[in-house]
Amino acid sequence: MERCSWANSTPAMQAYHDNEWGRPQHDQQRLFELLCLETYQAGLSWQTVLNKRAAFNEDFYDYDIEKVAAMTDEDVERLLTDARIIRHRQKLNATINNARVIRDWPAGPSFEEWLWSFVDNQPIRQAWTSATELPATNDLAKQISKALKKLGFKFVGPTTVYSYLQAAGLINDHLVSCDWAPEKVNA
């Protein structure tokens, strides 16, 4: 099988690439989880995040938005002692804060609908031939980052948001040589 070059390092990376990355995601809880995972990755490798994903899921109630939003400072202190996760106070607080923003979302389009409206409900396809062509961010990620921050989200800089858009399938950055590229999947 031909995969994007970054996905070949470990079986966990391969599974993430093959089963999740770039697939359009519309479930609000799953979108929240992906956003959290991307915030944890800031400054670290994706492999590190994947290695700790199960523990994060356990500690954050499988990213149940209501339960995470109800977490307290005492919960953060407890999490800071859990060596199975990335123990970064600001990232842990951002998870709880971001759950509260989604929980308290104003009437109208849901978080999922709001997010997907940035791409007119259709994934953006960028047909890269090499991983060196992939940008760290783009104008869309900068626009969404600014909008998320205005709504009260934390740890959502343009680079994190770009990775999030890739992970959640709003941007499809599978290389054209990859067996998961739309050109090959839909052929």
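Looking at (1) buried (at least 16 other Cβ atoms within 10 Å of the Cβ); (2) of a type outside the set (S, T, N, Q); (3) at negative phi, which one does residue 113 not meet, given that it meets all the others?
Residue 113 satisfies all of (1) buried (at least 16 other Cβ atoms within 10 Å of the Cβ); (2) of a type outside the set (S, T, N, Q); (3) at negative phi except (1).
Being buried (at least 16 other Cβ atoms within 10 Å of the Cβ) and either within 23 Å of residue 13 (Cα to Cα) or without any contact (Cβ under 8 Å) to a residue 24 or more places away in the chain (or both) is the filter here; which residues of the range 54-80 pass it?
Listed by number, the residues that qualify are 56, 59, 60, 63, 79.
For the range 81-96, name all the residues that are closer than 16 Å to residue 154 by Cβ and crowded, with 17+ Cβ neighbours inside 10 Å.
86, 88, 91, 92, 94, 95, 96
Filter the range 35-56 down to the residues that are under 19 Å from residue 18 (Cβ atoms) and of a type in the set (Lys, Arg) and list them by number.
Residue satisfying the conditions is 53 alone.
Would you mind listing the helices (runs of 4 or more DSSP H) fully within the range 105-187 where at least 2 residues are out of contact with any Cys (no Cβ under 8 Å at 6 or more places or on another chain) and under 17 Å from residue 6 (Cβ atoms)?
In the range 105-187, the matching helices (runs of 4 or more DSSP H) lie at 158-167.
So which residues in the range 87-127 are within 17 Å of residue 174 (Cβ to Cβ), among the hydrophobic types (A, V, I, L, M, F, W, C) and modelled with pLDDT of 95 or more?
Scanning the range 87-127 gives 119, 124.
What do you reckon, is residue 85 in a loop (DSSP other than H, G, I, E, B) and of a type outside the set (Ser, Thr, Tyr)?
In short, yes.
Would you check if residue 6 is of a type outside the set (S, T, N, Q), closer than 26 Å to residue 115 by Cβ and not in a helix (DSSP H, G or I)?
no
With the requirement that a residue be part of a helix (DSSP H, G or I), touching a helix residue (DSSP H, G or I) at 6+ places or on another chain (Cβ under 6 Å) and within 18 Å of residue 154 (Cβ to Cβ), what does the range 60-80 give you?
Scanning the range 60-80 gives 63, 65, 68, 69, 76, 79.
So if I check each of 186, 121, which one is without any contact (Cβ under 8 Å) to a residue 40 or more places away in the chain, at positive phi and out of contact with any strand residue (DSSP E or B) (no Cβ under 9 Å at 6 or more places or on another chain)?
Unique residue meeting the criteria: 121.
If you go through the range 124-142 one residue at a time, do you hit one that is of a type in the set (Gly, Ala, Ser) and without any contact (Cβ under 8 Å) to a residue 40 or more places away in the chain?
Yes, that holds for at least one residue.
State all residues of the range 31-55 that are in a helix (DSSP H, G or I) and closer than 17 Å to residue 148 by Cβ; if no residue qualifies, say none.
Correct list: 31, 32, 33, 34, 35, 36, 37, 38, 39, 40, 41.
Can you pull out the residues in the range 129-187 that are hydroxyl-bearing (Ser, Thr, Tyr) and within 17 Å of residue 44 (Cα to Cα)?
137, 159, 160, 162, 163, 164, listed by residue number.
The values are calculated or read from the model by the stated rules, or taken from the named source; none is laboratory data. The model shown is predicted, which means the values in this text are computed figures rather than measured ones. For neighbour counting, all protein chains shown are included, and Cβ atoms are generated from backbone atoms with ideal geometry for every residue, glycine included.
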